[in-house]
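Have a look at the structure below, then the notes.
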Amino acid sequence: MSDLRIDVEGPVATLTVDRPAKRNAMTRAMWAAVPGLLAQVVDDVRVLLVTGAGPSFCAGADIGELLGGDDPADPMAGLRADNLAAQAALRAFPHPTLAVVRGHCIGGGVELAASCDLRLADETAVLGVTPARIGVVYPPAPTRALVDLVGPATAKWLLFSGELLDAATALRVGLVDEVHPADRLGARAQEFAAVLAGRSALTQRATKEIVTALTEGRDAEPVAARRFRETIASGELAEGVAAFAERRPPRFPSAGISPA
């Protein structure tokens, strides 16, 4: 769709929210399109960047659609379902995901960014979660993602107040991982994506699964054992050790990895 696109260059895919006239506000159709777009590229790439066209990342959900559902008792039900499915698809993407944040990253924009593994921002970034401004109950999944990033006290502060954070404050509280000058953000994102694309896909997938298990209070040992056996069977461990001994970049054999 024209407002949301995914492009592939080598091992890196870029999901772009392309609605700059509306500060990249997400419509229900855009939320609904995210899982399918990710499925198109999952087997062909090693890294996913998520960004916005123009000076903003994403100013949130399109406010005009919030009460547009068919059920008068819950007019947000359909929109909420598509929104949560999009976030879940980003979290489940098996390769590293990086949000590249400029300008406004508000509400649904923070949901997109928090669903990624890491967040790189420039100095123009302004971030906030604003359900208290309009009386929306924030769902458990994005609340959990926010708590995992910034802790319960700061998550409450953001959700209670709806206040916006500048890039420096967002970095200090853990809402973003790096802040760069505006003219360096794109280059830094590409450089780091290239680094990640050259690492072991199996190690990265195992890391995502183990971190998720630990944060959810589950036993991570079965995941670690299964993935470790895969690194041996696939040849990735042998290649990594050989490359280290020979002082050369590794040539890992797996472009993709098993989902379970």
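Conditions tested, residue by residue: (1) aliphatic (A, V, I, L, M); (2) within 15 Å of the chain's Cα centre (by Cα); (3) modelled with pLDDT of 95 or more.
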residue: 53; (1), (2), (3): yes, no, yes
residue: 71; (1), (2), (3): no, no, no
residue: 95; (1), (2), (3): no, yes, yes
residue: 101; (1), (2), (3): yes, yes, yes
residue: 106; (1), (2), (3): yes, yes, yes
residue: 112; (1), (2), (3): yes, yes, yes
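For the stretch 5-19, enumerate the residues that are out of contact with any Ser or Thr (no Cβ under 6 Å at 6 or more places or on another chain) and on the phi < 0 side of the Ramachandran plot. Please lay out each step first, then the result.
Of the residues in the stretch 5-19, the ones out of contact with any Ser or Thr (no Cβ under 6 Å at 6 or more places or on another chain) are 6, 8-15, 17-19.
The answer is 6, 8, 9, 11, 12, 13, 14, 15, 17, 18, 19.
Considering only residues that are polar (S, T, N, Q) and modelled with pLDDT of 95 or more, look in the stretch 1-26 and name the one that is surrounded by the fewest Cβ atoms within 10 Å (Cβ to Cβ). Break it down stepwise before answering.
Initial filter on the stretch 1-26 (polar (S, T, N, Q)): 2, 14, 16, 24.
Filter once more, so that each one left must be modelled with pLDDT of 95 or more: 14, 16, 24.
Details: 14: 21, 16: 17, 24: 30.
Once the filter is applied, the top-ranked residue is 16.
Table: residues versus (1) within 21 Å of residue 118 (Cα to Cα); (2) in a strand (DSSP E or B); (3) without any contact (Cβ under 8 Å) to a residue 40 or more places away in the chain.
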position: 24; (1), (2), (3): yes, no, no
position: 31; (1), (2), (3): yes, no, no
position: 34; (1), (2), (3): yes, no, no
position: 81; (1), (2), (3): no, no, yes
position: 99; (1), (2), (3): yes, yes, no
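Out of (1) of a type outside the set (Gly, Ala, Ser); (2) more than 17 Å from the chain's Cα centre (by Cα); (3) in a loop (DSSP other than H, G, I, E, B), the odd one out for residue 154 is which?
(3)
Surrounded by fewer than 16 Cβ atoms within 10 Å (Cβ to Cβ) and under 16 Å from residue 107 (Cβ atoms): does that describe residue 129? Even if it seems obvious, please write down each step before you answer.
On the way: surrounded by fewer than 16 Cβ atoms within 10 Å (Cβ to Cβ): no; under 16 Å from residue 107 (Cβ atoms): yes.
Answer is no for this residue.
Residue-wise test of (1) farther than 27 Å from residue 183 by Cβ; (2) touching a Leu at 6+ places or on another chain (Cβ under 6 Å); (3) not aliphatic (A, V, I, L, M).
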position: 35; (1), (2), (3): yes, no, yes
position: 49; (1), (2), (3): no, yes, no
position: 81; (1), (2), (3): yes, no, no
position: 93; (1), (2), (3): yes, yes, yes
position: 101; (1), (2), (3): no, no, no
position: 112; (1), (2), (3): no, no, no
position: 117; (1), (2), (3): no, no, yes
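The values are calculated or read from the model by the stated rules, or taken from the named source; none is laboratory data. Predicted model, so just to flag it, every value in this text is computed and none were measured. Cβ sites come from the backbone with ideal geometry, for glycine too, and all protein chains shown count toward neighbours.
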